[in-house]
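Novice: Would you mind keeping the following structure in view while I ask a few things?
Coordinate-derived values only; no laboratory data. Note that this is a predicted model, so its numbers are computed, not measured. Cβ coordinates were reconstructed from backbone atoms using ideal geometry, including for glycine residues, and neighbour counts include every protein chain displayed.
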Amino acid sequence: MITLLDYGAGNVRSVINAIESLGESVKVVSDTSDIISAEKLIFPGVGSFGSMMRILNQKNYVEALKDYLTSDRAFLGICLGLQALFETSEEAPDINGLGLISGHVKRFDIDLSVPHIGWNGINIKKPSRIFNGLGGSEKFYFVHSFYVAPEDDSVILTTTNYGLEFVSSIQRGRITATQFHPEKSGDAGIKILKNFLEAGDEKKASGFVSQETRLAKRIVACLDVRSNDQGDLVVTKGDQYDVREKGEVRNLGQPVELAGRYYQKGADEIIFLNITGFRDFPLEDMPMIEVLKQTSKNVFVPLTIGGGIRDYTDKDGRKYTALDVAAEYFRSGADKISIGSDAVLIAEEYLKTGVKTGQSSIEQISEVYGAQAIVVSIDPRRVYVMSPDEVDHQVIETAEKGPNGETYCWYQCTIKGGREGRDLDAVTLAQVCEKLGAGEILLNCIDKDGTNSGFDIELINAVAGAVTIPVIASSGAGCAEHFYEVFAKTEAEAALAAGIFHRKEVSIASVKDYLSDKVEIRPFIKK
Ligand code: 1PR
């Protein structure tokens, strides 16, 4: 029996699913006595350091945890569950951590995108049975803006390079803690969890790797989901956002089944977009929640869900905040949520007042779950102009001339799945959302969607050059070469496709094969 510490702030379902997939049962801590009596404790920290420590204090878990950690029992901390072991964090300087390990948690101060999101390697610094069965060159999923800096080097188990060499896991006695997420790291991560669950003290080091590790570019599969006219929830696909063909909603498969297939075939991440979420209310639209619950049972890479994440009043007058909606999604297995229409309205309001209210969905979710859990999905379309002075927007000079020979354009934000254009450009939206606490941009392009003609490189460069958070390039992928083009010509950290994967025109494996000697990727291991 594994005891799991859930303090109610995020996706512990993935950890439970991963452990259950190994045949172990999980008991979730409901009060202090569960910590005291635990034999093996897993602490998957999610959210922000301050919010985590406040909740641990409120629940009176701190002393019990300290007792547990000093009693030589097996412990696995994940992500914030690693950072919690330290004395303080720059994320919340006024709040003490558990202080079990001397040292502090620091924010990345580097020239690369922060958060550090994606698949990176590990340099194994000392023998540990936790790595049994691994070759040492595997990549693991990271998502964090802060890293631990222990005072005593002897606790360092692995390091990873991202702008600097940081400590990506520690081990002291029977305490192991990783900055990466084993439960989201495919087969390699599941092996680490298995090694933790299995009894034994034998220390084996598999491959002491000392070369620099590199963050992989991610290949993302996107599933646009909605109900068709018969009321079945289907994966659909638009042609410049028009998902109907001969009057019917295109049906390209079942969400859970397709997501499972893409995981098996090497997808580094899966995004579900509930594309009619702007008019439905997700908490009434229980099938999406069920889709997440089912998918997360077998899919051990990050899952993002978007569509309809906003404040809402139901027909009985009951109010729900966007935070309530997000919380339900995280509980159901999502690692990140994506906000589309609401982000545009929030940015418009912010630009009017210049004031951060702390009340917007982006700010609230970021405060509780951390910036890395919030993706802003942008649905822009090109608007051509003869001269940059014509409009009050961030305009680019374009090599793809407009219908009247225009050599400039701006990217107009839309809401409600492209149905309504707004007086806001995509570059400004991305910048405002970063300021408000978003951790990643999903950059779609209505002009390119479903065209198979390649990504809009100019758009991606304009946005990626204006923000420091990672950008997922989306819309237009038609072949493996298009993925290479986007990684070679832009700073995008990830590239997403939908149509070519759903229609089986191009496989994820063939994209990875093509990229393997050109771009750093997480290798696809055929199953
Ligand atoms: O506004 O917060 O409720 O979120 C709604 C979400 O649904 C937004 O993220 C928005 O992008 C998405 N959405 C709404 N309508 C559509 C539609 O297609 N009619 N889909 C839609 C967006 C774009 C990508 C697509 C890529 C790659 N789909 O997700 O997967 O363009 O396609 P391709 O590789 O086939 O070219 P809210």
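Novice: For helix 49-58, report the angle its Cα long axis makes with the longest principal axis of the Cα atoms of the chain; keep it between 0 and 90° and round to the nearest 10°.
Specialist: Once rounded, the angle reads 50 degrees.
Novice: Something else now. With only alpha-carbon pairs counted, each pair once and no self-pairs, how large is the Kirkwood hydrodynamic radius of the chain in angstroms?
Specialist: 23.5
Novice: How large is log10 I(q)/I(0) at q = 0.24, 0.26, 0.28 Å⁻¹ when the Debye formula is applied to the Cα atoms of region 232-288, each weighted equally and without solvent?
Specialist: So the normalised log intensities are -1.12, -1.18, -1.22.
Novice: Moving on. If the chain between Asp513 and Ser21 were fully stretched, how many nm would it gain, using 0.36 nm times the residue separation less the Cα-Cα distance?
Specialist: 174.2 nm
Novice: Rounded, prolate or oblate: which fits region 128-199 when a ≥ b ≥ c are the square roots of the eigenvalues of the alpha-carbon gyration tensor, with rounded for a/c under 1.5 and prolate only if a/b beats b/c?
Specialist: Values: a/c = 1.88, a/b = 1.23, b/c = 1.52.
Since a/c reaches 1.5 but b/c is at least a/b, the shape of region 128-199 is classed as oblate.
Novice: Let me know the Kirkwood hydrodynamic radius for region 134-175, please, with Cα pairs as the basis and the value in Å to one decimal.
Specialist: After inverting the pairwise mean of 1/r, the radius is 11.6 Å.
Novice: Which lysines, if any, have their Cα less than 16 Å from the Cα of Lys448, not counting same-chain residues under 8 positions apart?
Specialist: Lys237, Lys401
Novice: Report, in whole Å, the centroid distance computed from the Cα atoms of region 340-363 and region 444-488.
Specialist: If we compute the Cα centre of each part, the gap is 25 Å.
Novice: Given the options Val383, Ile271, Ala373, identify the residue whose Cα lies farthest towards the positive end of the charge dipole of region 250-406 (+1 on Cβ of Lys, Arg; -1 on Cβ of Asp, Glu).
Specialist: Ile271
Novice: Trypsin sites (Lys or Arg not before Pro) within region 276-307: which are DSSP loop residues with at most 12 other Cβ atoms inside 10 Å?
Specialist: Arg279
Novice: Let me ask something else about it. For the chain, take the longest principal axis of its alpha carbons; what is the angle in degrees between that and the long axis of helix 186-197, to the nearest 10 within 0 to 90?
Specialist: The helix 186-197 is inclined about 20 degrees to the chain.
Novice: For Ser37 and Ser387 in the same chain, what is the full-extension length gain: residue separation times 0.36 nm, less their Cα-Cα distance, in nm? Display every interim value, and only then the final one.
Specialist: Numbers: separation 350, 0.36 × 350 = 126.00 nm, distance 7.02 nm.
So the chain would gain 119.0 nm between Ser37 and Ser387.
Novice: Further question: Suppose we keep just the alpha-carbon trace of region 400-527; what are its Rg and Dmax in angstrom?
Specialist: Over region 400-527's Cα set, Rg and Dmax evaluate to 15.5, 52 Å.
Novice: Using 24 Å as the Cα-Cα cut-off, could you pick out the over-long pairs in Lys125/Lys184; Lys27/Lys106; Lys356/Lys489; Lys66/Lys139; Lys184/Lys336?
Specialist: Violating the 24 Å limit, Cα to Cα: Lys27/Lys106; Lys356/Lys489; Lys66/Lys139.
Novice: What does the C-alpha gyration tensor say about the overall shape of region 418-480? Classify as rounded when a/c is under 1.5, otherwise prolate if a/b is larger than b/c, or oblate.
Specialist: Because a/c hits 1.5 or more and a/b fails to exceed b/c, region 418-480 counts as oblate.
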